[in-house]
Amino acid sequence: DWAAEALERGGRVFYMGAGTSGRLGVLDASECPPTFGVSPDLIVGLIAGGETAFIKAVEGAEDSEELGASDLRGRGLSDKDLVVGLASGRTPYVVGGLVYAKATGCKTIAIACNQGSKIGKSADLAIEPVPGPEVLTGSTRLKAGTVQKLILNMISTGAMVKIGKVYQNLMVDVQQTNEKLVVRGQNIVMEATGCTRECAIQALADAGGHVKTAIVSVLLDCDAEQAAVALERARGHVRAAVSGHEKSDADAQ
């Protein structure tokens, strides 16, 4: 809910962490643009030590609270944004970021795999699953990392559903950046509307490749321009665009 609220009011969602936690945040953020058609500036992954640390550890970066604050400051953090900190429990980089975010007026969330964690106490909301000891002692890329990835999946997917990036169980804002995804776009239109592939291909062509517009045009039996207007009025929600148009027609009659 908080992530959706941030995006709807023109804010962003920041994930921040170090090591495995930081990489998972960057991974989830990087998957949102192709899956949901959002700008890469909306879901942002920050990792202690910068982009280099995604591939190779940057020693000591996670031990600086100021670095966590300065990374958010450098992104122009505002009270419209949401900051999600990820750690095993007490990473200073994350603590510094959460403290700075709260002072800025942001809502803050901590995801840690220890109850009563330091980062949890630094945030407005603490999500603290306890997966138990790792098979390899201290190797939090295993159970703890898997749990954190699952939670990030829930946050980003749930938020995208709420802001209209999903219709039924379909990724209706998927970006058709390769041959596989072009076919997927056709399949989504077909599944959402029950139309033939030929119809889906034509609807997508008329809609400039925009899957949601194609779906609405088929469901409402209207042209792409009218479908785009209906979607705009519905703030990008396919279901609302279709039901709103039908309601308008009924009112007119």
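The values are calculated or read from the model by the stated rules, or taken from the named source; none is laboratory data. Note that the structure is predicted; figures quoted are calculated from it, not measured. Cβ atoms come from the backbone with ideal geometry, glycine included; neighbour counts cover every protein chain shown. Side chains included, ligands, DNA and RNA excluded: accessible areas come from the protein's heavy atoms. Shrake-Rupley method; radii C 1.70, N 1.55, O 1.52, S 1.80 Å.
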Item to check | Any chance K56 is open to solvent by 50 Å² or more (accessible area, probe 1.4 Å), out of contact with any Pro (no Cβ under 7 Å at 6 or more places or on another chain), at pLDDT 95 or above and of a type outside the set (S, T, Y) | outcome: no
Checklist entry - On the given criteria, is V174 under 20 Å from L42 (Cβ atoms), in contact with a Gly (Cβ under 9 Å, 6 or more places away or on another chain), open to solvent by less than 20 Å² (accessible area, probe 1.4 Å) and at pLDDT below 95? => result yes
Checklist entry - Within the range 12-30, is even one residue over 27 Å from A61 (Cα atoms), in contact with an Asp or Glu (Cβ under 7 Å, 6 or more places away or on another chain) and in contact (Cβ under 8 Å) with a residue 12 or more places away in the chain? => result no
Item to check | Residues (outside any helix (DSSP H, G or I) and out of contact with any helix residue (DSSP H, G or I) (no Cβ under 6 Å at 6 or more places or on another chain)) located in the range 183-227 | outcome: G194, T196, G208, G209, H210, D221, C222, D223
Item to check | Meets criteria (at pLDDT below 95, of a type outside the set (D, E, K, R) and either in contact with a His (Cβ under 6 Å, 6 or more places away or on another chain) or not in a loop (DSSP other than H, G, I, E, B) (or both)) for S248 | outcome: yes
Checklist entry - Which members of the range 132-154 meet the condition of being out of contact with any Asp or Glu (no Cβ under 9 Å at 6 or more places or on another chain) and over 28 Å from F36 (Cβ atoms)? => result G132, P133, E134, V135, L136, T137, G138, S139
Checklist entry - Does the range 29-46 include one or more residues that are closer than 17 Å to A112 by Cβ and open to solvent by 70 Å² or more (accessible area, probe 1.4 Å)? => result no
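Please report, ordered by residue number, the strands (runs of 3 or more DSSP E) entirely within the range 68-162 with at least 3 residues that are of a type in the set (A, V, I, L, M, F, W, C), under 23 Å from the mean Cα position of the chain (by Cα) and surrounded by fewer than 22 Cβ atoms within 10 Å (Cβ to Cβ).
Numbers: elements: 82-87, 107-112, 125-127.
Once the strands (runs of 3 or more DSSP E) in the range 68-162 are filtered for at least 3 residues that are of a type in the set (A, V, I, L, M, F, W, C), under 23 Å from the mean Cα position of the chain (by Cα) and surrounded by fewer than 22 Cβ atoms within 10 Å (Cβ to Cβ), what remains is 125-127.
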Checklist entry - Which residue, of G116, G120, G132, is on the phi > 0 side of the Ramachandran plot, in contact with a strand residue (DSSP E or B) (Cβ under 9 Å, 6 or more places away or on another chain) and not β-branched (V, I, T)? => result G116
Checklist outcome for this item: Of those in the range 4-26 that are β-branched (V, I, T) and over 10 Å from A87 (Cβ atoms), the residue most open to solvent (accessible area, probe 1.4 Å) is V26
Item to check | Count of the range 209-223 residues which are open to solvent by 20 Å² or more (accessible area, probe 1.4 Å), within 23 Å of T35 (Cβ to Cβ) and in contact with an Asp or Glu (Cβ under 9 Å, 6 or more places away or on another chain) | outcome: 1
